[in-house]
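*Asks:* Quick one: the structure is below, questions incoming.
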Amino acid sequence: MPEGDAVYRFAARLDDALSGKTIVAARAHGPGPVPQVARLVGATCLGADSQGKNLFVRFDNGLALRGHLRMYGTWHVYRPGESWRFPENQARLVLEVDDAVVVNFNAPVIELLEDRAIAYHRPIEALGPDLLAETFDAQEAFRRFRDPVHASRTIGDAIMDQRIMAGVGNIWKHETLFRCRINPWSTVAELDDDAIHEIVDVARNLLLASVHRPNNLGIGRRPKMFVYMRGGQPCLRCHTRLRRARQVEDIRFTAWCPVCQPLREDQAVRPG
């Protein structure tokens, strides 16, 4: 599933291709804004941006497109007449301007909204602070982690809850917790305030590094993967074999280092 950094990069590509240009053709397939998307023809694109895992394309007629890629969606930009990498029947949305064709493939969520209503749209209204926003509110993310409703959840599940902070998925769950030396099965209640603040800080800075923005990790490129998709391999820090197990809420496997991210004796939840 594309995470906040990937969606941020998609938005930058779409912004380059569409911003300031007039939509000359638009079509959609499948559920969603199939007949309504024609309303975009003749409108000028004001730009594209992202919020967590959501991507928005905004227009001067007051409308906006919202896309969520879930597991398999992607955005492509082509030159007019250029062959597509996927067949037409996988295209959910096609937007054309004079010098570019923007295609969304396989996204389960493509919807046409009034731009002014986006902030009140239920999937957006519930989002926590966006880790890549210039105005990211770390204290608000901390406050949401400390909501009692999350106390018994494992940190490996809670860190991916977009209602707490928006942008972390399976990749940055792994890498954030490894760098913080926190076991993914620690519950939120078992972590002290310093640990929660560190998780928020490291997650934000890993995403910033991934999109080549200034960060306090001193990384100018996409960060190295220490544990993601490396279950059973040696830890790159201590050479212990990485373990893996299914998280409590997430059916995917989580990998961790039993030395760098040790279980506590009193830990309430243990990997199965």
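*Asks:* Being surrounded by 19 or more Cβ atoms within 10 Å (Cβ to Cβ) and among the charged types (D, E, K, R) is the filter here, so list the residues in region 69-112 that pass it.
*Replies:* Arg92, Glu96
*Asks:* Show the residue pairs meeting these rules: Cβ distance below 9 Å; 6+ apart or different chains; first residue within region 40-55 and closer than 18 Å to Pro129 by Cβ; second residue of a type in the set (Phe, Trp, Tyr) and surrounded by fewer than 24 Cβ atoms within 10 Å (Cβ to Cβ).
*Replies:* Every condition considered, the pairs that remain are Asp49/Phe56; Ser50/Phe10; Ser50/Phe56; Leu55/Phe10.
*Asks:* Report the residue count in region 32-64 for those that are within 22 Å of Gly4 (Cα to Cα) and at pLDDT below 95.
*Replies:* Residues meeting the conditions: 0.
*Asks:* If you don't mind, another one. For Ala48, state whether it is of a type in the set (A, V, I, L, M, F, W, C) and surrounded by fewer than 17 Cβ atoms within 10 Å (Cβ to Cβ).
*Replies:* Criteria not met by Ala48.
*Asks:* Also, I was wondering about something else. On the basis of being buried (at least 17 other Cβ atoms within 10 Å of the Cβ), under 16 Å from Gly4 (Cα atoms), in contact (Cβ under 8 Å) with a residue 60 or more places away in the chain and assigned by TED's automatic domain parsing to the domain that holds Trp172, does Ser210 make the cut?
*Replies:* For Ser210, the condition - buried (at least 17 other Cβ atoms within 10 Å of the Cβ), under 16 Å from Gly4 (Cα atoms), in contact (Cβ under 8 Å) with a residue 60 or more places away in the chain and assigned by TED's automatic domain parsing to the domain that holds Trp172 - is met.
*Asks:* Something else about it: Determine which member of the set Val248, Val200 is in contact with a helix residue (DSSP H, G or I) (Cβ under 7 Å, 6 or more places away or on another chain), buried (at least 21 other Cβ atoms within 10 Å of the Cβ) and either assigned to a loop (DSSP other than H, G, I, E, B) or in contact (Cβ under 8 Å) with a residue 60 or more places away in the chain (or both).
*Replies:* Answer to the selection: Val200.
*Asks:* Sticking with this structure for a sec: Every residue in region 226-245 that is outside any loop (DSSP other than H, G, I, E, B) and at positive phi, please.
*Replies:* none
*Asks:* Only one of these conditions is not met by Ala117: (1) surrounded by 14 or more Cβ atoms within 10 Å (Cβ to Cβ); (2) over 17 Å from Gln162 (Cβ atoms). Which number is it?
*Replies:* Condition (1) is where Ala117 drops out.
*Asks:* For region 129-141, which positions are buried (at least 18 other Cβ atoms within 10 Å of the Cβ) and out of contact with any Phe, Trp or Tyr (no Cβ under 9 Å at 6 or more places or on another chain)?
*Replies:* Result: Phe136, Ala141.
*Asks:* Okay, moving on. Does Val259 fit the bill of being part of a loop (DSSP other than H, G, I, E, B) and crowded, with 21+ Cβ neighbours inside 10 Å?
*Replies:* no
*Asks:* Restricting attention to region 38-72, report how many residues are of a type in the set (D, E, K, R) and in a loop (DSSP other than H, G, I, E, B).
*Replies:* Here the count works out to 3.
*Asks:* Tell me, please, whether a residue that is farther than 17 Å from Ile110 by Cβ and out of contact with any strand residue (DSSP E or B) (no Cβ under 9 Å at 6 or more places or on another chain) can be found in region 60-83.
*Replies:* Yes, some residue in region 60-83 is farther than 17 Å from Ile110 by Cβ and out of contact with any strand residue (DSSP E or B) (no Cβ under 9 Å at 6 or more places or on another chain).
*Asks:* Inspect region 223-240 for any residue being closer than 21 Å to His150 by Cβ, within 26 Å of the chain's Cα centre (by Cα) and not aliphatic (A, V, I, L, M) and give the result as yes or no.
*Replies:* no
*Asks:* Okay, next question. Being touching a Lys or Arg at 6+ places or on another chain (Cβ under 6 Å) and under 27 Å from Ile199 (Cβ atoms) narrows it down to one of Met160, Met165, so name that one.
*Replies:* Answer to the selection: Met160.
*Asks:* Of the numbered conditions (1) buried (at least 19 other Cβ atoms within 10 Å of the Cβ); (2) touching a Lys or Arg at 6+ places or on another chain (Cβ under 8 Å); (3) in a loop (DSSP other than H, G, I, E, B), Pro223 satisfies every one except a single condition; which is it?
*Replies:* Of the numbered conditions (1) buried (at least 19 other Cβ atoms within 10 Å of the Cβ); (2) touching a Lys or Arg at 6+ places or on another chain (Cβ under 8 Å); (3) in a loop (DSSP other than H, G, I, E, B), the odd one out for Pro223 is (2).
*Asks:* Still on this model: Mind listing just one residue for me: the one in region 158-180 that is closer than 18 Å to Ala245 by Cβ and charged (D, E, K, R) and, of those, surrounded by the most Cβ atoms within 10 Å (Cβ to Cβ)?
*Replies:* The qualifying residue surrounded by the most Cβ atoms within 10 Å (Cβ to Cβ) is Lys173.
*Asks:* Now for a separate question. Can you tell me how many residues within region 73-89 are part of a strand (DSSP E or B) and either in contact with a Gly (Cβ under 8 Å, 6 or more places away or on another chain) or of a type in the set (S, T, N, Q) (or both)?
*Replies:* Total meeting the criteria: 2.
The values are calculated or read from the model by the stated rules, or taken from the named source; none is laboratory data. What you see is a predicted model; the values in this text were computed from it and never measured. Cβ coordinates were reconstructed from backbone atoms using ideal geometry, including for glycine residues, and neighbour counts include every protein chain displayed.
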